[in-house]
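For reference, the structure discussed in these notes is given below.
The values are calculated or read from the model by the stated rules, or taken from the named source; none is laboratory data. Computed from a predicted structure; not experimentally measured. Here Cβ is always computed from backbone atoms with ideal geometry, including for glycine, and neighbour counts include all displayed protein chains. To get the accessible areas, we keep the full protein, side chains included, count just its heavy atoms, and leave off ligands, DNA and RNA. Shrake-Rupley method; radii C 1.70, N 1.55, O 1.52, S 1.80 Å.
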2 protein chains.
Amino acid sequence: MNWIDYLGLLGVVTGSLTFVPQVYKAWISKSVGDLSIWTVLILISNVAIWLVYGILKDDFAMELANSIILTLALVMLYFKLTFKK
Amino acid sequence: MNWIDYLGLLGVVTGSLTFVPQVYKAWISKSVGDLSIWTVLILISNVAIWLVYGILKDDFAMELANSIILTLALVMLYFKLTFKK
């Protein structure tokens, strides 16, 4: 691996972590009124596309990162649909 | 371009659009209390990494998509720091 590959790996790691604090905050506060459901829905479509792309390209880093983000995005959608505020 | 490339293009387009509804909602409501500042900060780091990666790999689609997402993420950070709720 050269240093550009390490930069990509850092992108995969930070990408996987991005929505962890948002899911945690929503879970603790039970408040999701300021979150846009359209952003959550487009995010789900987007990471589903990159997950399929990663599978087709046989790229494990893309498969792993997008599986994690897809899971977190689906949790946010669940919170958005269940929490009342 | 084969159809896998078109799928990647669709990923770039949906990725660029993802945070548009969130920025619009925050702008209209002036309410960002439910947004995690950590998610916004990690998102900024993440897209900055992918932008540099795209520049180093000379990948125009990555450059364009990540420039758009970085701009939207910086607007979200500005809202988060200025709106009082």
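Miscellaneous remarks
- Solvent-accessible area buried by pairing B with A, both sides, nearest 100 square angstrom, 1.4 angstrom probe: 2900
- Dipole of segment A:3-82 [Lys/Arg +1, Asp/Glu -1 at C-beta], most positive-end residue of A:Pro21, A:Ile69, A:Val47: A:Pro21
- Rounded Å value of the spacing that divides the Cα centres of segment A:1-56 and segment B:34-85: 12
- Accessible surface of chain B [probe 1.4 Å, protein heavy atoms]: carbon and sulfur percent: 73
- Heavy-atom surface of chain B, accessible at 1.4 Å and reported per residue (Å²): 54
- Per residue of chain A, the DSSP helices (runs of n ≥ 4 H) give a summed -39500 (n - 2.57) that works out to -27000 deg cm²/dmol at 222 nm.
- Shown for chain A are the DSSP H helices of 20 Å or more along their axis, judged by Cα atoms, with a mean Kyte-Doolittle hydropathy of at least 0.0: A:3-17, A:37-56, A:60-82.
- The modelled label-to-label distance between B:Phe60 and B:Trp27, using points 7 Å beyond Cα along the C-beta direction, is 2.7 nm.
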